[in-house]
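K.L.:
First the structure, then my questions, so here it is.
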Amino acid sequence: MPMPALFLDRDGVVNIDHGYVVTHDRFEFVDGIFDLARAAVDRGYRVVVITNQSGIARGYFSEEEFLSFTAWMVGEFRARGVELTGVQHCPYHRSGPVERYRRDSFWRKPAPGMILEAARRYDLDVTRSMFVGDQPTDMQAALAAGVGTRVLIPSKDAPADLDTKTANRVVGRLSEILPLLTGVLRG
Ligand SMILES: [Mg+2]
């Protein structure tokens, strides 16, 4: 039977967004991310990271570097008792200098491609799932994919006129999301 998922944006949700991070010294986990992911797994969710990584198309780092860094990140979750089901990334950008990755992609948020691909690959029930992101484009991608619960956690330097209308929850910290997880399963 398809399972609900907790979809997590990476930069700004899993880690503090310092911009195009693929080195350990610049990677800081956001407070409460392990507790949130563990609570989700305990309640029967699969946890999947959904991340635009245009730094690959922009030539800031290679896809191999990203993947090897991701293996380390997955290990950090595992060391804290959380098994991530997957990490879906989009390396493309329409105007990046790296020709191999220069294109429009249905995977790049705000398009829903990565979420739909994860749903197919891991047998996920998107309507009973939750997406947590820090950008309106995360919420747009989640809405387009049919994700039922869309939680926006704006970064501290988010503009005052941040577009929140595609989210159905706006929270200030990850711990506020814990009660929403049980709500999804009860529904
Ligand atoms: Mg983000």
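The values are calculated or read from the model by the stated rules, or taken from the named source; none is laboratory data. Everything numeric here is computed off the predicted structure, so don't read it as measured data. Virtual Cβ from ideal backbone geometry, glycine too; neighbours counted across all protein chains shown.
Yes or no, residue by residue, for (1) within 16 Å of LEU8 (Cβ to Cβ); (2) touching a Ser or Thr at 6+ places or on another chain (Cβ under 8 Å):
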residue	(1), (2)
LEU116	no, no
VAL126	yes, no
SER129	yes, yes
ASP138	yes, no
VAL147	yes, yes
PRO159	no, no
ASN168	no, yes
VAL171	yes, no
PRO179	no, no
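K.L.:
Here's something else I'd like to know. Considering only region 112-154, state which residues are touching a strand residue (DSSP E or B) at 6+ places or on another chain (Cβ under 9 Å) and small (Gly, Ala, Ser).
P.N.:
Residues satisfying the conditions are GLY113, ALA118, ALA119, SER129, GLY133, ALA141, ALA142, ALA145, GLY148.
K.L.:
Continuing with this model, one more query. Kindly indicate the residue of region 106-124 that is more than 21 Å from THR70 (Cα to Cα) and touching a helix residue (DSSP H, G or I) at 6+ places or on another chain (Cβ under 8 Å) and also surrounded by the most Cβ atoms within 10 Å (Cβ to Cβ) among those meeting that condition.
P.N.:
LEU124
K.L.:
Which one is farthest from the ligand (Cβ to nearest atom), of the residues in region 21-31 that are outside any helix (DSSP H, G or I) and surrounded by fewer than 16 Cβ atoms within 10 Å (Cβ to Cβ)?
P.N.:
THR23
K.L.:
Need the failing condition index for ARG43 against (1) touching a residue at least 12 places away in the same chain (Cβ under 8 Å); (2) within 16 Å of the ligand (Cβ to nearest atom), just the number.
P.N.:
Looking at each condition in turn, ARG43 falls short on (2).
K.L.:
Among the residues of region 100-116, is there at least one that is acidic (Asp, Glu) and either in a helix (DSSP H, G or I) or within 16 Å of the ligand (Cβ to nearest atom) (or both)?
P.N.:
no
K.L.:
Restricting attention to region 2-13, and to residues there that are assigned to a loop (DSSP other than H, G, I, E, B) and within 14 Å of the ligand (Cβ to nearest atom), which single residue is nearest to THR127 (Cα to Cα)?
P.N.:
Checking each candidate, the answer is ASP9.
K.L.:
Listed residues VAL98, VAL87; which is at pLDDT 95 or above, out of contact with any strand residue (DSSP E or B) (no Cβ under 9 Å at 6 or more places or on another chain) and surrounded by 14 or more Cβ atoms within 10 Å (Cβ to Cβ)?
P.N.:
VAL98
K.L.:
Also, I was wondering about something else. Go through (1) of a type in the set (A, V, I, L, M, F, W, C); (2) over 15 Å from the mean Cα position of the chain (by Cα); (3) crowded, with 23+ Cβ neighbours inside 10 Å one by one and return the number of the condition ALA160 breaks.
P.N.:
With (1) of a type in the set (A, V, I, L, M, F, W, C); (2) over 15 Å from the mean Cα position of the chain (by Cα); (3) crowded, with 23+ Cβ neighbours inside 10 Å applied to ALA160, the lone miss is (3).
K.L.:
So which residues in region 123-138 are more than 11 Å from the ligand (Cβ to nearest atom) and part of a helix (DSSP H, G or I)?
P.N.:
Once the filter is applied, which keeps residues that are more than 11 Å from the ligand (Cβ to nearest atom) and part of a helix (DSSP H, G or I), region 123-138 yields VAL126, THR127, ARG128.
K.L.:
Would you please name the residue that is nearest to HIS24 (Cα to Cα), looking only at residues in region 54-95 that are free of Cβ contacts under 8 Å to residues at least 40 places away in the same chain, in a loop (DSSP other than H, G, I, E, B) and in contact with a Phe, Trp or Tyr (Cβ under 7 Å, 6 or more places away or on another chain)?
P.N.:
Step by step, filter region 54-95, then rank; the result is GLY55.
K.L.:
Could you tell me how many of the residues in region 139-157 are surrounded by 18 or more Cβ atoms within 10 Å (Cβ to Cβ) and part of a loop (DSSP other than H, G, I, E, B)?
P.N.:
3
K.L.:
Sticking with this one: Can you tell me which residue within region 139-161, out of those that are closer than 15 Å to VAL48 by Cβ and in contact (Cβ under 8 Å) with a residue 60 or more places away in the chain, is farthest from the ligand (Cβ to nearest atom)?
P.N.:
Selected residue: VAL147.
K.L.:
Mind telling me which of the residues ILE50, ILE16 ends up being at pLDDT below 95, within 16 Å of the chain's Cα centre (by Cα) and within 16 Å of the ligand (Cβ to nearest atom)?
P.N.:
ILE16
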